[in-house]
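Below is one structure; the comments refer to it alone.
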Amino acid sequence: MRGTVLIAGAAATLAAAGFISYRYISNAGRYIIPVVTSIKNISELDKSDPGLDKIDAHKALLTTKEYELLKSLVACGQGHLFSHWQAPGIGDGDKRRQVAQLMALHGSYHGGITAYISNAKKLLQDSKEGKNPFEGYTPKVPHGERLDFASAEYLQLEEAGLREAGRSAFVLVAGGLGERLGYSGIKVALPAENASGTCFLELYIQYILALQVRSGASQPLPLTIMTSDDTHARTEELLTKNSYFGMKAGQITLIKQEKVACLTDNEAHLALDPQDPFLIQTKPHGHGDVHALLHSSGLASKWKETGLKWVCFFQDTNALVFRALIAALAVSAKHDYDMNSLAVPRKAKEAIGAISLLEHRDGSTLTINVEYNQLDPLLRATINKEGDVNDTTGWSPFPGNINQLVLKLDSYVQQLSRTGGVISEFVNPKYKDSTKTVFKSSTRLECMMQDYPKALPQGSKVGFTTINQVWASYSPVKNSPADALAKFKEGNPTHSATSGEMDIYRCNCLTLKSLTGMEMPEVIGSVAYNGIEVEDYPKVVLSPRFAPLLKDIQEKIALGSIRLAPGAVLILDGPDISVKGPLTIDGALVVRSVLGSKVSIGRLDVKNAGWEWRALEEGQADATEEERIRGFRVIQKETKEYEFKQPGVCAIASPMLYKQS
Ligand code: UTP
C-alpha cells in the first residue's frame, strides 16, 4: 500500500530480542516479575508425557525451532494439541498448518507462547480464587480538571490546546471485533451521521488535517491506526480507495495487532477449533497491544525525535472526541501530565470505569481506571461503608473514564524502552457454575491501553480532564439495536448507531445556541428509532474543515444570525465560510466550498421540503445494514445547495447569489 507503512506481528521483535516477558507489571512499576515459562524443563520430559511420542515421530517434518517449541508446549501440559495426529504421511499438510500457526502465536507474544500459557495459569488461578487486584489500596479522587464545555475558560484552553495539537501524534485503536454492534463491516467505515455521510475515519482525518493547518504545525501530524486481522484489509482498502482522505503519503501508518490463543480451562489448555482440530482458536488481545506496537515499530521514538510532544489515543466510533481532546491537551500541558484521561461525570454505580487515585498501605500511589464493579467493594472495604455513592453534586466524585488518552511523549518513550510497552494482562472467564471449574466458552488473556500507568514510576503525573457535559464529548457506537433497546429501557445510555448520530446534531445545535445565540425550537420533541427515543434536534453538521475549534464557530457565525425551524437541516463544510445572516432555514441548506473560496452567507431565507429521518418499518426489506442499525432512512426531498469548487470570493443572499470575483 503506497504511503502507508505496514507493521505486522511487531511483538515478535521483542521476543527475538530476548525481551523478558512480564506476568504482572506491578503497581507503579516497583516490581517486575519475570514469568516462569514452563512447568517442566524440556529435559525432564519422558515418554509418558502425552503428545511427546507424536512430536518425536514427526521430527523429520519439523525444523529444529519448531521441534523445540512443540516439546516446550508438551512441557506446559499442551500435549492434547498433538495427541490426535495420525502417523507421519497422513494429514501432514494439516499438521504443518497447525505448527505454522503455533510458531506465529509464539512469535507475536512477548516471551513466546509458553510465557502466555504460564501467565494464563496464574491469572486463571487468581480469578478462580477471587483475588482482589486492588487488595491493600484505598481509593481517592485523583488530580484533574472539570470543565464546562464552551465556557470562556474552555475557549481559552482550546486556544492553548491548539498549539499542543500541532505537536501531537494521533493514534486510533481500531482492531476491535465490534461483536456487540454486530455490523458486518469495519466500524470506522460507518457514517458518523447521515446528513453529510462522512464516515468515522474521514471525520478523524479531517480533524487532524484541520488542526495541522490551524496550529501551523511544522510537519504533517502523524496518524497511526492499530488494526487486527479482523479490520486490517478493510481499513487499508477504505484508505486507498479514498486517497487517504487527503492525508499525505506516509502520514498514516497501520500497525496490526495479532490475536492470542484461546484457553479452555483453568489449566490454560489451548483451545482447538471444534470444526478444525489443526487450528487453535484465537481472539483479540485487547487495545493494550498498542503500546508494545508503538515501541517495537519505533514510531514513538521517531515522533519524539521529530520534536512532537504528545500522543493522543482515541477509539473507532466517538465522533465528538475532538471537541474535547484539544482542551485536554491544554490541561496536559498546564499540569505537565504524563498521562491525562478524558472523562465524563458518572453517577455512582454507573457501569463505566472510574478514574481513581489508589493509595497503597505501603505509601505508594497509582492513578488508574477502576472498573465500576471493583470500585464499590473497594470503597466499602476502606473509606465508605456505603460504597460508591453520589456526593452533594448528585454525581460520583470519581470521574467516568471514556478511554481517550493524552500521553506525554517524553516519558512515554522512556517508559516504552523500560517495559517494551507490555501492559499488565487480565482474564475474564465466564464460568458455568460457582465451582469455577468449567467455562461457558473459551477465554483468553487481554490487556487495556488505559492500564498504562500501572508500570509508571512513582511520582509520575497522572490526571484527568472531565468535560461536564457528556453530550459534548462522548457518544460511541457500540451496541446492537436489541442491546441498545434493553439499555434504553433500563434508563442507560444506549451507545448505539442511533444515539451516535443524533448526539452529533444535538452537540452542534447546543454549541451554536450557546456560542452564537442560534434560535431553534424552544421545545425539542423526541422521536423513536428501533424503539429508542432520542431528541429530535435540527440536523446541523459543522465539518472539521469549517470549525475544528469552538472559536471558529464564534468567529464565523455572527451572533443571533441563524434561526432554525423544526426539522431544519444545515451543513456547513468549507474552511472559509461565514454567516452574517439573518439566515432562516425551514427545510435543508447545504454549503460546501474548497480551500481559497471565501463564502459569506448574508440575508437568506431557505424554505423547502427539506429532509426527513424516516423511521424504518418493522422488517423493511429494502433497508441497508447501515440503516437497520440506526432504525431510519434519510429521505432528501428538497435541498438548497451551494457548492463552490473554485477559489474566489462569493456572497450568498436571497434572492440572488453574488459572485464578486
Ligand atoms: P470496544 O470496547 O468498543 O470493543 O473497543 P470492540 O472489541 O471494538 O467491540 P466488542 O467488544 O467486540 O463489541 C474500544 C476500542 O478499542 C479497539 C476498538 O476497535 C475500539 O476502538 N480495540 C479493541 C482494539 O483496537 N483492539 C482490541 O483487541 C480490542
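Does Ile557 count as touching a Phe, Trp or Tyr at 6+ places or on another chain (Cβ under 8 Å) and either over 24 Å from Ser475 (Cα atoms) or among the aliphatic types (A, V, I, L, M) (or both)?
Considered against the rule, which asks whether it is touching a Phe, Trp or Tyr at 6+ places or on another chain (Cβ under 8 Å) and either over 24 Å from Ser475 (Cα atoms) or among the aliphatic types (A, V, I, L, M) (or both), Ile557 comes out as no.
Checking the conditions here, which among Val413, Val438, Val462, Val406 is at pLDDT 95 or above, surrounded by fewer than 21 Cβ atoms within 10 Å (Cβ to Cβ) and more than 25 Å from Tyr529 (Cα to Cα)? Please lay out each step first, then the result.
Working: Val438 fails: at pLDDT 95 or above; Val462 fails: surrounded by fewer than 21 Cβ atoms within 10 Å (Cβ to Cβ); Val406 fails: surrounded by fewer than 21 Cβ atoms within 10 Å (Cβ to Cβ).
Step by step, each of Val413, Val438, Val462, Val406 is checked, and only Val413 is at pLDDT 95 or above, surrounded by fewer than 21 Cβ atoms within 10 Å (Cβ to Cβ) and more than 25 Å from Tyr529 (Cα to Cα).
Give all pairs with beta carbons closer than 8 Å in which a residue from segment 86-105 that is touching a residue at least 40 places away in the same chain (Cβ under 8 Å) and among the acidic types (Asp, Glu) meets a residue that is surrounded by 14 or more Cβ atoms within 10 Å (Cβ to Cβ) and not in a helix (DSSP H, G or I); count only pairs at least 6 apart in sequence or on separate chains.
Qualifying pairs under 8 Å: Asp94/Phe278.
Can you report the number of residues in segment 245-257 which are at negative phi, modelled with pLDDT of 95 or more and of a type outside the set (Lys, Arg)? Give the derivation first.
Within segment 245-257, the first condition is being at negative phi, and the residues that meet it are 247-249, 251-257.
Now narrow it down to the ones that are modelled with pLDDT of 95 or more: 247, 251-257.
Among the residues that remain, those that are also of a type outside the set (Lys, Arg) are: 247, 251-255, 257.
So the answer is 7.
Here are Lys140, Lys187, Lys95, Lys121: which of them is in contact with a strand residue (DSSP E or B) (Cβ under 8 Å, 6 or more places away or on another chain), under 27 Å from Asn373 (Cβ atoms) and either acidic (Asp, Glu) or at pLDDT 95 or above (or both)?
Exactly one residue qualifies, and that residue is Lys140.
Please go through segment 489-501 and give me each residue that is crowded, with 22+ Cβ neighbours inside 10 Å and either more than 20 Å from the chain's Cα centre (by Cα) or within 22 Å of Ala328 (Cα to Cα) (or both), ordered by number.
Selection gives Gly500 alone.
Just one of Ala210, Ala233 is surrounded by fewer than 23 Cβ atoms within 10 Å (Cβ to Cβ), within 16 Å of the ligand (Cβ to nearest atom) and assigned to a helix (DSSP H, G or I); which is it?
None of the other options fit; the residue is Ala233.
Across segment 298-349, what is the number of residues that are outside any loop (DSSP other than H, G, I, E, B), buried (at least 23 other Cβ atoms within 10 Å of the Cβ) and among the acidic types (Asp, Glu)?
0
Has segment 130-140 got at least one residue that is away from the ligand (no atom under 16 Å from the Cβ), among the basic types (Lys, Arg), more than 29 Å from Arg214 (Cβ to Cβ) and in contact with a Ser or Thr (Cβ under 8 Å, 6 or more places away or on another chain)? Can you show your working first?
Step one: of segment 130-140, the residues away from the ligand (no atom under 16 Å from the Cβ) are 130-140.
Now restrict to residues that are among the basic types (Lys, Arg): 131, 140.
Restricting the remaining residues to those that are more than 29 Å from Arg214 (Cβ to Cβ) gives 131, 140.
Adding the requirement that they be in contact with a Ser or Thr (Cβ under 8 Å, 6 or more places away or on another chain) leaves 140.
Yes, because at least one residue in segment 130-140 is away from the ligand (no atom under 16 Å from the Cβ), among the basic types (Lys, Arg), more than 29 Å from Arg214 (Cβ to Cβ) and in contact with a Ser or Thr (Cβ under 8 Å, 6 or more places away or on another chain).
When you scan segment 411-438, how many residues do you find that are of a type in the set (S, T, N, Q), out of contact with any strand residue (DSSP E or B) (no Cβ under 7 Å at 6 or more places or on another chain) and under 18 Å from Leu123 (Cα atoms)? Even if it seems obvious, please write down each step before you answer.
Step one: of segment 411-438, the residues of a type in the set (S, T, N, Q) are 411, 414-415, 417, 419, 424, 428, 434-435, 437.
Retained after the next criterion (residues that are out of contact with any strand residue (DSSP E or B) (no Cβ under 7 Å at 6 or more places or on another chain)): 411, 414-415, 417, 434-435, 437.
Filter once more, keeping what is under 18 Å from Leu123 (Cα atoms): 434-435, 437.
The total comes to 3.
Quick test for you: out of Tyr474, Tyr452, pick the one residue that is within 16 Å of the ligand (Cβ to nearest atom), more than 30 Å from Leu272 (Cα to Cα), in contact (Cβ under 8 Å) with a residue 24 or more places away in the chain and not in a loop (DSSP other than H, G, I, E, B).
Tyr452
Restricting to segment 261-279, what's the tally of residues that are within 16 Å of the ligand (Cβ to nearest atom) and in contact with a Leu (Cβ under 6 Å, 6 or more places away or on another chain)?
1
Take the residues in segment 213-230 that are in a loop (DSSP other than H, G, I, E, B) and either within 15 Å of the ligand (Cβ to nearest atom) or among the hydroxyl-bearing types (Ser, Thr, Tyr) (or both); name whichever of them is surrounded by the most Cβ atoms within 10 Å (Cβ to Cβ).
Once the filter is applied, the top-ranked residue is Ser228.
Going residue by residue through segment 270-286, is there one that turns out to be at pLDDT below 95 and charged (D, E, K, R)?
Yes, segment 270-286 contains a residue that is at pLDDT below 95 and charged (D, E, K, R).
Among the listed residues Ala455, Ala484, which satisfies the condition of being modelled with pLDDT under 95 and surrounded by 19 or more Cβ atoms within 10 Å (Cβ to Cβ)?
Of the residues listed, the single one that is modelled with pLDDT under 95 and surrounded by 19 or more Cβ atoms within 10 Å (Cβ to Cβ) is Ala455.
Thr282 is checked against (1) within 19 Å of the chain's Cα centre (by Cα); (2) polar (S, T, N, Q); (3) within 12 Å of the ligand (Cβ to nearest atom) and fails just one. What number does that condition carry?
(1)
Scan segment 251-260 and tell me whether some residue there is in contact with a helix residue (DSSP H, G or I) (Cβ under 8 Å, 6 or more places away or on another chain), hydrophobic (A, V, I, L, M, F, W, C) and more than 14 Å from the ligand (Cβ to nearest atom).
yes
Restricting to strands (runs of 3 or more DSSP E) lying wholly in segment 589-661: which have 1 or more residues that are in contact with an Asp or Glu (Cβ under 9 Å, 6 or more places away or on another chain) and at pLDDT 95 or above?
Passing ranges, in order: 597-601, 604-607, 611-615, 632-636.
If Phe398 satisfies every condition in (1) among the aromatic types (Phe, Trp, Tyr); (2) assigned to a helix (DSSP H, G or I); (3) touching a Ser or Thr at 6+ places or on another chain (Cβ under 7 Å) but one, which is the exception?
(2)
For segment 160-186, name all the residues that are within 17 Å of Gln315 (Cβ to Cβ), surrounded by fewer than 20 Cβ atoms within 10 Å (Cβ to Cβ) and touching a residue at least 40 places away in the same chain (Cβ under 8 Å). So that I can check it myself, show each step before the final result.
Initially, segment 160-186 is screened for residues within 17 Å of Gln315 (Cβ to Cβ), giving 168-181, 183, 185-186.
Adding the requirement that they be surrounded by fewer than 20 Cβ atoms within 10 Å (Cβ to Cβ) leaves 177, 179-180, 183, 185.
Scanning segment 160-186 gives Leu177, Arg180, Tyr183, Gly185.
Mind checking which pairs have a first residue in segment 359-382 that is on the phi < 0 side of the Ramachandran plot and a second that is in a strand (DSSP E or B) and among the charged types (D, E, K, R), Cβ under 9 Å, 6 or more apart or different chains?
Listed pairs, sorted by first residue: Glu359/Lys140; Thr365/Lys140; Thr365/Glu359; Leu366/Glu359.
Go through segment 289-346 and give me each residue that's among the hydrophobic types (A, V, I, L, M, F, W, C), within 14 Å of the ligand (Cβ to nearest atom) and over 12 Å from Lys408 (Cβ atoms).
Val290, Ala292, Leu293, Leu294, Phe313, Phe314, Ala319, Val321, Leu342
Just one of Asp388, Asp376, Asp433 is within 22 Å of His495 (Cβ to Cβ) and either assigned to a loop (DSSP other than H, G, I, E, B) or in contact with a Phe, Trp or Tyr (Cβ under 6 Å, 6 or more places away or on another chain) (or both); which is it?
Result of the check over Asp388, Asp376, Asp433: Asp388.
Among (1) closer than 30 Å to Gln620 by Cα; (2) surrounded by fewer than 23 Cβ atoms within 10 Å (Cβ to Cβ); (3) among the hydroxyl-bearing types (Ser, Thr, Tyr), where does Tyr537 come up short?
(2)
In this structure, does Ile352 turn out to be among the β-branched types (Val, Ile, Thr), away from the ligand (no atom under 16 Å from the Cβ), more than 29 Å from Ala104 (Cβ to Cβ) and not in a helix (DSSP H, G or I)?
No, not satisfied.
The values are calculated or read from the model by the stated rules, or taken from the named source; none is laboratory data. Since the structure is predicted, the reported quantities are computational estimates derived from the model, not experimental observations. Cβ sites come from the backbone with ideal geometry, for glycine too, and all protein chains shown count toward neighbours.
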